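Step one of this worksheet: look at the structure below.
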Amino acid sequence: MAKEIKTIGVLTSGGDAPGMNAAIRAVVRKGLARGVKVMGIHRGYHGLLNEEIVEMNSRSVSEIIQKGGTILGTARCNEFKELEGQQRGAEICRKYGIDGMIVIGGDGSYRGAQKLSHQGINTIGIPGTIDLDIASTEYTIGFDTAINTAMDAIDKIRDTSSSHERCSIIEVMGRHAGYIALWCGVANGAEDILIPEKYDYNEQEIINNIIANRKKGKKHHLIINAEGIGHSISMARRIEAATGIETRATILGHMQRGGRPTCKDRYYASMMGAYATDILIEGKTNRVIGVQKGEIVDIDIDQALAMSKSVSEYQFEVSRILGR
Ligand code: ADP
Ligand code: F6P
């Protein structure tokens, strides 16, 4: 028989993402509606190990749905990667009567959730990362806000780039994944999109492309460069030297992680928070929530972590053709 869940915990972990607050709010209010006690753990696994644990009520999550960041705070915690840290985390859960935990974060946080469930604490993960790099889901909390923030910024750079007839390199976030670069590259009409999944380090091809576009009468040349490729400033210097066209680099950085979440981020975060709470209370463990074919589903964490995803050849090809 599944163990009875009387108290659940919720924490946010890894990089923050707009919409995490909507997920926390949904967990708290759905939990209370189902008659369980809800504990908020501050600063991710680090806060768990330091017992930064407070009981939450409906008012604790008032006025947060529209706010970026996470009211619980987040952290990275190497101690939790070790068995001793995981055992201590589970003991602390038991000390506070926490029978089940909801972890909102990326795939690193999922690994922590998997380990916590191995220690006997029922655990469910919710995908929260601006990078969209979790293979088991079509949607991750924060991606929609991040791409809209980046898209607006890139539109502004395009204005000045055209006025000055410059080449502009805009570096967007994504150390290991190029989804922000790909989506913004297409949405902003970039001439070149450099993503870790596909980049062949052929800078000469980019230079040739800039020269060819200038001959065609293009007034600007936008290059969206994912953080994983990096070196935007030195790349700008090399391109300017090779083409004779003034080139500027802008690194958008952490502005992409903040700000008011979009409607889509708030809606999906709310639905996934509620769904995670329901399956946790029903006794499920070692699961992660995802969106597949537009539906909210839950998947075994081990299976989810074994999955991989990448940018398709077709998407990449289209992104290249449309900017030429
Ligand atoms: P994200 O969740 O955004 O991918 P990280 O990869 O930084 O972010 O992971 C967040 C936290 O999850 C880490 O600081 C660590 O506490 C925990 N974590 C990551 N990997 C593991 C692991 N293999 N085992 C246990 N905990 C992990
Ligand atoms: O995972 C989200 C993300 O913003 C990545 O795109 C980026 O590489 C990383 O986090 C940056 O992390 P930090 O907060 O350590 O600068």
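The values are calculated or read from the model by the stated rules, or taken from the named source; none is laboratory data. None of these values were measured; they are calculated from a predicted model. All Cβ positions, even for glycine, are placed from backbone atoms using ideal geometry, and neighbour counts span all protein chains on display. For accessibility, only protein heavy atoms count, side chains too; no ligands or nucleic acids. Shrake-Rupley method; radii C 1.70, N 1.55, O 1.52, S 1.80 Å.
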**Message:** Within the chain, what whole-number % of the accessible surface is contributed by carbon and sulfur, with the 1.4 Å probe and all protein chains included in the calculation?
**Reply:** 49 percent
**Message:** Given an 8 Å cut-off on Cα distances and at least 6 residues of separation, report the relative contact order of the range 144-258 as a percent.
**Reply:** 40 percent
**Request:** Kindly identify the range 254-324 as rounded, prolate or oblate by the Cα gyration tensor criterion: order the square roots of the eigenvalues as a ≥ b ≥ c, call it rounded if a/c is under 1.5, otherwise compare a/b with b/c, prolate if a/b is larger, else oblate.
**Result:** oblate
**Prompt:** How high is the relative contact order of the range 114-177, given as a whole-number percent (alpha carbon pairs under 8 Å, six or more residues apart)?
**Reply:** 23 percent
**Message:** If I take R0 = 35 Å and measure r between the Cβ atoms of Ser312 and Lys95 in this structure, what FRET efficiency does the formula 1/(1 + (r/R0)^6) give, to the nearest 0.05?
**Reply:** 0.15
**Request:** Can you tell me which of 184-197, 308-321 comes out highest on packing, and rank the rest after it, using the mean Cβ neighbours within 10 Å?
**Result:** 184-197, 308-321
**Complete:** For the chain, the charge dipole (Cβ of Lys, Arg +1; Cβ of Asp, Glu -1; about the Cα centre) points to a positive end, and the Cα of Phe80, Gly31, Ile279 closest to that extreme belongs to Gly31
**Asked** What is the extension gain from Ile251 to Asn202, computed as 0.36 nm multiplied by their sequence separation minus the C-alpha to C-alpha distance, in nm to one decimal?
**Response** 15.5 nm
**Asked** What share of the DSSP beta bridges in the chain is antiparallel, in percent to the nearest 5?
**Response** 25 percent
**Asked** With each run of n ≥ 4 DSSP H residues scored as -39500 (n - 2.57), what mean residue ellipticity at 222 nm is computed for the chain after dividing by its residue count and rounding to the nearest 500 deg cm²/dmol?
**Response** -13000 deg cm²/dmol
**Prompt:** Percent relative contact order of the chain, based on C-alpha pairs within less than 8 angstrom and at least six residues apart?
**Reply:** 24 percent
**Prompt:** Once you charge only the Cβ atoms, +1 for Lys and Arg and -1 for Asp and Glu, what is the size of the charge dipole of the chain about its Cα centre, to the nearest 20 debye?
**Reply:** 600 debye
**Message:** Multiplying the sequence separation of Glu4 and Glu51 by 0.36 nm and subtracting their Cα-Cα distance, what value in nm do you get?
**Reply:** 14.6 nm
**Message:** Using the alpha carbons of the range 144-258, what is the convex hull volume per residue in cubic angstrom, as a whole number?
**Reply:** 86 Å³
**Prompt:** How about the range 99-186: which GluC sites (Glu not before Pro) there are in a DSSP loop, with at most 13 other Cβ atoms within 10 Å of their Cβ?
**Reply:** Glu165
**Request:** Could you tally the net charge around Gly253, taking each other residue with its Cβ under 11 Å from the Cβ of Gly253, Lys/Arg +1 and Asp/Glu -1?
**Result:** -1
**Item:** Prolate/oblate/rounded label for the range 52-134 (Cα gyration tensor, a/c 1.5)
**Value:** oblate
**Request:** Please build a GNM for the chain, connecting alpha carbons under 10 Å apart, and tell me which residue among Tyr199, Tyr110, Tyr45 fluctuates the most.
**Result:** Tyr199
